[in-house]
Amino acid sequence: MSTIVATSAPRVTNERLWTLIPAAKQATIALGAAAEGAGLEAELLELVHLRCSQINGCAYCVQYHISNLQEMGTAPAKINLVVAWREAGIFSEREEAALAWAECLTLLAETHVPDADFEAAQAVFSEQELASLTAAVAAINVWNRFSVAYRFAPEID
């Protein structure tokens with residue numbers, strides 16, 4: 001099977017960017033690893049990464065996290081409905097709280113992190129889990145900003 005690459009030309013290749021600023025790449029990897037170390041469910045983190053990437057219009061990361069979810073065995077309907085999770089009715093209370101938290105942090109300038117979203121997240125996540133979830137959202141938003149700014153094209157198999 002051949003790999004299809006988007007037609008938008010990258011402004012700088014992924015590989016070249018990270019040779020220019022390797023410390024930024026390592027810091028972002030470390031931030032994401034810190035989030036994973038708290039014991040949050042891998043699928044939940046991937047759903048959050050996918051939702052943030054959708055909001056930010058990051059084709060590279062959307063495809064990357066869809067592929068990860070598929071490899072994990074996540075139901076196709078669940079992957080497809082992340083974009084409309086509030087109406088889907090198939091996400092757990094914990095997933096819904098995580099997705100709401102991810103959205104309000106990704107849209108920070110608009111939302112200013114409503115108390116209702118914080119309280120919903122606090123109801124289902126421990127203090128450490130919520131801090132880790134916040135780190136995960138911060139990390140994917142950093143990846144999205146680099147990928148969108150430099151037009152990294154997704155690899156589609």
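Just so you know, all these numbers are worked out from the coordinates, no wet-lab data involved. Quantities reported herein were computed from a predicted structural model and do not represent experimental measurements. Virtual Cβ from ideal backbone geometry, glycine too; neighbours counted across all protein chains shown.
Computed quantities for the displayed model
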{"item": "Contact order normalised by residue count of the chain, Cα under 8 Å, 6+ apart, percent", "result": "46 percent"}
{"item": "If the convex hull is drawn through the Cα atoms of segment 38-95, its volume per residue in Å³", "result": "83 Å³"}
{"item": "GNM top mover of Ala42, Ala120, Ala23 - the chain, alpha-carbon springs below 10 Å", "result": "Ala23"}
{"item": "Relative contact order for segment 17-76, counting Cα pairs under 8 Å that sit 6 or more residues apart, in percent", "result": "25 percent"}
{"item": "q = 0.18 Å⁻¹, segment 42-152: log10 I(q)/I(0) [Debye, one scatterer per Cα]", "result": "-0.87"}
{"item": "Pairwise label distance in nanometres, Ala116 with Ile21, each label 7 Å out on the Cα-Cβ vector", "result": "3.6 nm"}
{"item": "Net charge of neighbours whose Cβ lies under 12 Å from the Cβ of Pro22, counting Lys and Arg as +1 and Asp and Glu as -1", "result": "+1"}
